[in-house]
């Protein structure tokens, strides 16, 4: 997602430095090359070795220390940056930059870079609301510098108010968004995710092994590429995504009803969920007690969500299905394209322990309605989601 992108992270002194460690870790996982510059006060909270271990690059702290390369380091880092992030950003560094002061490695490098600079403020609420600080921020915004606003809550000083550094997940989303093409802008995309559950009695229910990871990754990719995303999800243990309309359901019928309310004006429906095909005819209102006999439960068919919307979709709507199979992968996937009127299907063999349910990787084959088959190697589900959205965009 951030492969071949160079991010320079400036870290200034404050208790929020621990969050910057998480930011580096997340950026690296997305493929970014991260270089860290720390102010002297930042090193009092977290050692440079921590950032060096995570970024796998030497951490610069002193403008006058012995150089590690022949480059003039502040010019070298300033030139290589595709984006310059300052997190946490104290009132001090923001004031320096606003007034043209370059007296340490970080402020000098910021002054020398032509990359977009994004400040992530973190400070006492009174400092944040100080008119001098506000004036500095406004001046920098006029010059094209960007800011990720701090949140509200209990600050390190014990005061409640605005000044908490934005959460690492939101900072990284902001960074990813800066490098993501907006080729789904103006499009409404519905994504389904996770399993459904069907109750047997007040205590027990049926479900399956779907974790929802694939659907959540697709929803996030579509959001980052500008879509208006509706995520209809069964029960999962995943963190609620930001920036999407989230509809939580339990049963297959509830999932169907939620999609039906959103479907008429959508451009794309991506059916990444694993809804149960059957439900008990009778759900006991009391816990079913065990006895010495075998128990027989009668089941009835649930609505086939993909089949229903395949029949009702308009010519300008795109329907994407999934085929999680244990055998005859390609043959079963091809049948689903025809019977459910899919534009394309994402097929994967769920018998492999390294891919499929509950893991972060997937090995997929994408087959379209014209019979084109593309096999892909094992990759992260985030990378698979990019393939899927690329395929969707090609239809537009």
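Here the condition is being in contact with a strand residue (DSSP E or B) (Cβ under 7 Å, 6 or more places away or on another chain) and assigned by TED's automatic domain parsing to the domain that holds residue 213; of 390, 316, 370, 332, it holds for 332 alone.
Among the residues here, residue 226 qualifies as closer than 24 Å to residue 319 by Cβ and either in a loop (DSSP other than H, G, I, E, B) or outside the structural domain of residue 359 (by TED's automatic domain parsing) (or both). Of all the numbered requirements in (1) touching a helix residue (DSSP H, G or I) at 6+ places or on another chain (Cβ under 6 Å); (2) under 22 Å from residue 170 (Cα atoms); (3) surrounded by 19 or more Cβ atoms within 10 Å (Cβ to Cβ), residue 216 misses one, and that requirement is (1).
I'm trying to understand the selection: among the residues of the range 1-30, which are closer than 21 Å to residue 90 by Cα, in contact with a strand residue (DSSP E or B) (Cβ under 9 Å, 6 or more places away or on another chain), touching a residue at least 40 places away in the same chain (Cβ under 8 Å) and not in a loop (DSSP other than H, G, I, E, B)? Hits for the range 1-30 are 7, 8, 9, 10, 11, 17, 19, 20, 23.
Listed here are the residues, each with its yes/no results for (1) without any contact (Cβ under 8 Å) to a residue 12 or more places away in the chain; (2) buried (at least 19 other Cβ atoms within 10 Å of the Cβ); (3) assigned to a loop (DSSP other than H, G, I, E, B).
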| residue | (1), (2), (3) |
| --- | --- |
| 117 | no, yes, no |
| 152 | no, no, no |
| 163 | no, yes, no |
| 178 | no, no, no |
| 201 | no, no, yes |
| 222 | no, yes, no |
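Before we move on, is residue 134 out of contact with any strand residue (DSSP E or B) (no Cβ under 8 Å at 6 or more places or on another chain) and not assigned by TED's automatic domain parsing to the domain that holds residue 252? So residue 134 fits the description; yes.
The values are calculated or read from the model by the stated rules, or taken from the named source; none is laboratory data. Note that the coordinates shown come from a computational prediction; the quantities given were computed from them, not determined experimentally. Every residue, glycine among them, receives a Cβ derived from its backbone with ideal geometry; neighbour counts consider all protein chains shown.
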